[in-house]
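What follows is a short report on a single structure.
The values are calculated or read from the model by the stated rules, or taken from the named source; none is laboratory data. Computed from a predicted structure; not experimentally measured. Virtual Cβ from ideal backbone geometry, glycine too; neighbours counted across all protein chains shown. Heads up: the accessible areas ignore ligands, DNA and RNA and are worked out on the full protein's heavy atoms, side chains in. Shrake-Rupley method; radii C 1.70, N 1.55, O 1.52, S 1.80 Å.
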Amino acid sequence: MVTIALYALAVILTVQQGLDYVSTKLVISKGRGHEGNGLMARWMRLSGQYWWTIKLPLVGVIWWLVFSYGPVPMLVAMFAILACIYAYVLVNNYSIAWRK
């Protein structure tokens, strides 16, 4: 059961990275907000249209942890917490982008 949860959370986190990119780009393109994370905002200024590349190392680390440590309950808990944080960010981004 822990193995299934670990792989499911890794997939969820991977998808969330793509959705975070799309939602952030949507909010910024509509002029309704800006990047709230100072480090990410700096990366966005430095890398221009390729700012999404910062998501790749995070996805790489997620999958490296999955394959290196396997179904460790603490890893599942960390991924669950991280997925909840990203879910909050995504809901917030889309609510800002689509508010009237």
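Looking only at helices (runs of 4 or more DSSP H) that lie completely in the range 4-100, which have at least 1 residues being touching a residue at least 12 places away in the same chain (Cβ under 8 Å) and over 16 Å from the mean Cα position of the chain (by Cα)? Step through it out loud before you land on a result.
Values: elements: 38-47, 55-69, 73-98.
Answer list for the range 4-100: 55-69, 73-98.
I'd like to verify a number: residues in the range 42-80 that are under 13 Å from residue 9 (Cβ atoms) and exposed (fewer than 11 other Cβ atoms within 10 Å of the Cβ), how many?
Result for the range 42-80: 2.
Taking the range 1-41 on its own, how many of its residues are open to solvent by less than 60 Å² (accessible area, probe 1.4 Å) and more than 27 Å from residue 77 (Cβ to Cβ)?
Here the count works out to 6.
In the range 86-100, what count of residues is obtained for those that are surrounded by 16 or more Cβ atoms within 10 Å (Cβ to Cβ) and not aliphatic (A, V, I, L, M)?
Total meeting the criteria: 2.
Answer yes or no as to whether residue 83 is surrounded by 15 or more Cβ atoms within 10 Å (Cβ to Cβ) and on the phi < 0 side of the Ramachandran plot.
On the way: surrounded by 15 or more Cβ atoms within 10 Å (Cβ to Cβ): yes; on the phi < 0 side of the Ramachandran plot: yes.
Considered against the rule, which asks whether it is surrounded by 15 or more Cβ atoms within 10 Å (Cβ to Cβ) and on the phi < 0 side of the Ramachandran plot, residue 83 comes out as yes.
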